[in-house]
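Novice: Quick one: this structure, given as structure tokens, is what I'll be asking you about.
The values are calculated or read from the model by the stated rules, or taken from the named source; none is laboratory data. These numbers come from a predicted model, not from an experiment. Every residue, glycine among them, receives a Cβ derived from its backbone with ideal geometry; neighbour counts consider all protein chains shown.
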Amino acid sequence: RKEVEQDPGPFNVPEGATVAFNCTYSNSASQSFFWYRQDCRKEPKLLMSVYSSGNEDGRFTAQLNRASQYISLLIRDSKLSDSATYLCVVNRGSSGSARQLTFGSGTQLTVLP
Amino acid sequence: DVKVTQSSRYLVKRTGEKVFLECVQDMDHENMFWYRQDPGLGLRLIYFSYDVKMKEKGDIPEGYSVSREKKERFSLILESASTNQTSMYLCASTLGGYEQYFGPGTRLTVT
């Protein structure tokens, strides 16, 4: 089983739609969780961290479910500029070291006009 | 603004050649990483370095070595390139937190 699993998509949604991605992780000792965004032919960039209580940044909401070992990303009112690949990232150790990040293979989103 | 640069965007090498990929960051970050990214497999950690001359193996170090002689520079070396090392190589750096800053990547093709 992969350490971090994501539905690869692609998700094709119209502008203004709400879309949600899930990601499951296998290591119950993981403490920190993130979503990175990767545009086509570009490098990944941090989108947001995922906290136990859930967190929101504008149109983006991230949730963590430790019992079921999954995290989610919800995008409301999708924009064309949201088209990208979204990478689920998990800190695999309990030490919290950045060098123990595991990246999912990504979920591709295309927002259509 | 953090800047991570990589020596080449595209590289074509022959099987058996020694290949050097260089990465430079301008933010005095302690930690630097080399990943490779392949379709369906995500980013996989090859090596990382948490200080000058210090390095640790990641998940897939076989066939690679690294060098960090100066804090700002982290080099990935393919001792004898093989076709299965054709991939996108991404360098990243971080001060010690979780936000890793990535370079633009080097797409390496080994023929």
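Novice: For the stretch A:29-36, check the following and say yes or no: at least one residue is over 26 Å from B:THR106 (Cβ atoms) and away from every other protein chain (no Cβ under 14 Å).
Specialist: Within the stretch A:29-36, one or more residues are over 26 Å from B:THR106 (Cβ atoms) and away from every other protein chain (no Cβ under 14 Å).
Novice: If I ask for residues that are touching a strand residue (DSSP E or B) at 6+ places or on another chain (Cβ under 6 Å), within 14 Å of chain B (Cβ to nearest Cβ) and exposed (fewer than 14 other Cβ atoms within 10 Å of the Cβ), which ones from the stretch A:1-17 would you list?
Specialist: A:PRO10
Novice: Can you say whether A:VAL50 is touching a residue at least 40 places away in the same chain (Cβ under 8 Å) and within 28 Å of B:LYS3 (Cα to Cα), as far as the supplied structure shows?
Specialist: no
Conditions tested, residue by residue: (1) within 14 Å of chain B (Cβ to nearest Cβ); (2) touching a helix residue (DSSP H, G or I) at 6+ places or on another chain (Cβ under 9 Å).
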{"residue": "A:VAL19", "(1), (2)": "no, yes"}
{"residue": "A:ASN27", "(1), (2)": "yes, no"}
{"residue": "A:PRO44", "(1), (2)": "yes, no"}
{"residue": "A:GLU56", "(1), (2)": "no, no"}
{"residue": "A:SER78", "(1), (2)": "no, no"}
{"residue": "A:GLY104", "(1), (2)": "yes, no"}
{"residue": "A:PRO113", "(1), (2)": "no, yes"}
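Novice: Could you list all residues from the stretch A:1-33 that are at pLDDT 90 or above, in contact with an Asp or Glu (Cβ under 9 Å, 6 or more places away or on another chain) and not β-branched (Val, Ile, Thr)?
Specialist: Scanning the stretch A:1-33 gives A:GLU15, A:GLY16, A:ALA17, A:PHE21, A:ASN22, A:CYS23, A:TYR25, A:SER26.
Novice: Filter the stretch B:11-55 down to residues that are of a type in the set (Ser, Thr, Tyr) and more than 11 Å from chain A (Cβ to nearest Cβ), then give me how many there are.
Specialist: Count: 1.
Novice: Counting only residues that are in contact (Cβ under 8 Å) with a residue 24 or more places away in the chain, give me the strands (runs of 3 or more DSSP E) lying completely in the stretch B:16-111 with at least 1 of them.
Specialist: Hits in the stretch B:16-111: B:19-25, B:31-38, B:42-51, B:64-70, B:73-78, B:87-94, B:106-110.
Novice: Return the pair list, or none, for Cβ contacts closer than 6 Å from residues in the stretch A:24-43 that are without any contact (Cβ under 8 Å) to a residue 40 or more places away in the chain to residues that are part of a strand (DSSP E or B) and surrounded by 15 or more Cβ atoms within 10 Å (Cβ to Cβ), at least 6 apart or on different chains.
Specialist: A:GLU43/B:PHE102
Novice: Sticking with this structure for a sec: Tally time: how many residues in the stretch A:53-82 are surrounded by fewer than 18 Cβ atoms within 10 Å (Cβ to Cβ) and not in a strand (DSSP E or B)?
Specialist: 13
Novice: Of all the residues that make up the stretch B:1-52, how many are on the phi > 0 side of the Ramachandran plot and either hydrophobic (A, V, I, L, M, F, W, C) or crowded, with 16+ Cβ neighbours inside 10 Å (or both)?
Specialist: Number satisfying all stated conditions: 1.
Novice: Still on this structure: Identify all residues within the stretch B:1-34 that are hydroxyl-bearing (Ser, Thr, Tyr) and in contact with a Lys or Arg (Cβ under 6 Å, 6 or more places away or on another chain); write none if there are none.
Specialist: Within the stretch B:1-34, just B:TYR10 meets the criteria.
Novice: Which of the residues spanning the stretch B:63-101 are of a type outside the set (D, E, K, R), within 11 Å of chain A (Cβ to nearest Cβ) and farther than 18 Å from B:SER8 by Cα?
Specialist: Correct list: B:THR94, B:LEU95, B:GLY96, B:GLY97, B:TYR98, B:GLN100.
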